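This report refers to the structure that appears directly beneath it.
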Amino acid sequence: NVKKDITKILFEKGYILNYKFVDDGAQGIIKIALKYDPETKINAIKKLERISTPGLRQYVGHNDMPRVLNGLGIAVISTSHGVITDKEARKEKVGGEVICYIY
């Protein structure tokens with residue numbers, strides 16, 4: 001499930017504090033605890049931008065992998081190896097569908 005994979009990537013990369021999947025009928029619910037800076041109260045996720053849409057899919061090869069904020073952000077890519085970040089896709093030399101940018 002792509003939604004669960006994106007949530008796990010957000011957790012692993014330190015953009016959220018915690019998450020929980022709740023089975024509630026056919027679709028289910030994802031509960032996410034957002035992460036904030038304790039001093040400035042600024043949230044860790046500045047922007048989450050959807051790139052590929054059902055009407056316009058965006059695909060890239062491993063040579064054309066996008067760099068978000070010159071490497072400070074991440075791009076989430078759906079590949080044949082699963083849903084991974086742009087850095088992992090470059091390392092594994094696989095391309096795929098660009099789902100979103102997070103920074």
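State yes or no: is N63 of a type outside the set (D, E, K, R), surrounded by fewer than 15 Cβ atoms within 10 Å (Cβ to Cβ) and not in a strand (DSSP E or B)? Yes; evaluated as a whole, the condition is true for this residue.
For (1) assigned to a strand (DSSP E or B); (2) at pLDDT 95 or above, each residue gets a yes or a no:
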| residue | (1), (2) |
| --- | --- |
| G14 | no, no |
| F21 | yes, no |
| G25 | no, no |
| P38 | no, no |
| L69 | no, no |
| S78 | yes, yes |
| V94 | no, yes |
| E97 | yes, yes |
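In region 35-59, the qualifying residues are those that are under 22 Å from L69 (Cα atoms) and of a type in the set (A, V, I, L, M), and the one that is farthest from the chain's Cα centre (by Cα) is I42. Restricting to region 4-15, give me the number of residues that are in contact with a Phe, Trp or Tyr (Cβ under 9 Å, 6 or more places away or on another chain) and open to solvent by 30 Å² or more (accessible area, probe 1.4 Å). Count: 3. Among residues of region 1-13 that are at negative phi, those with a Cβ under 8 angstrom from a residue that is among the small types (G, A, S) and surrounded by 12 or more Cβ atoms within 10 Å (Cβ to Cβ), sequence gap 6+ or separate chain, pair up as V2/S78; D5/G82. Screening region 66-103 for residues that are of a type in the set (S, T, Y) and closer than 14 Å to I6 by Cβ and picking the one that is least open to solvent (accessible area, probe 1.4 Å) gives T85.
Quick grid of which residues meet (1) surrounded by 10 or more Cβ atoms within 10 Å (Cβ to Cβ); (2) in contact (Cβ under 8 Å) with a residue 12 or more places away in the chain; (3) under 16 Å from V98 (Cα atoms):
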{"residue": "Y19", "(1), (2), (3)": "yes, yes, no"}
{"residue": "V22", "(1), (2), (3)": "no, no, no"}
{"residue": "A33", "(1), (2), (3)": "yes, yes, no"}
{"residue": "T40", "(1), (2), (3)": "no, no, no"}
{"residue": "A44", "(1), (2), (3)": "yes, yes, no"}
{"residue": "K47", "(1), (2), (3)": "yes, yes, yes"}
{"residue": "Q58", "(1), (2), (3)": "yes, yes, yes"}
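Restricting the search to region 33-76, which residues are polar (S, T, N, Q) and out of contact with any strand residue (DSSP E or B) (no Cβ under 9 Å at 6 or more places or on another chain)? Answer for region 33-76, where residues must be polar (S, T, N, Q) and out of contact with any strand residue (DSSP E or B) (no Cβ under 9 Å at 6 or more places or on another chain): T40, T53, N63, N70. Taking the criterion of being at positive phi and not aliphatic (A, V, I, L, M), would at least one residue in region 74-84 satisfy it? The answer is yes, given that some residue of region 74-84 is at positive phi and not aliphatic (A, V, I, L, M). Close Cβ contacts (under 6 Å, 6 or more residues apart or on different chains) running from residues in region 78-95 that are without any contact (Cβ under 8 Å) to a residue 60 or more places away in the chain to residues that are open to solvent by 30 Å² or more (accessible area, probe 1.4 Å) and among the hydrophobic types (A, V, I, L, M, F, W, C) comprise G95/V60. Can we say I45 is aliphatic (A, V, I, L, M) and not in a loop (DSSP other than H, G, I, E, B)? Answer is no for this residue.
The values are calculated or read from the model by the stated rules, or taken from the named source; none is laboratory data. Because the structure is predicted, anything quoted here is derived from the model rather than measured. Quick reminder, even Gly has a Cβ in these numbers, built from the backbone with ideal geometry, and neighbours come from all protein chains shown. The area values use the complete protein model at the heavy-atom level, side chains included, leaving out ligands, DNA and RNA. Shrake-Rupley method; radii C 1.70, N 1.55, O 1.52, S 1.80 Å.
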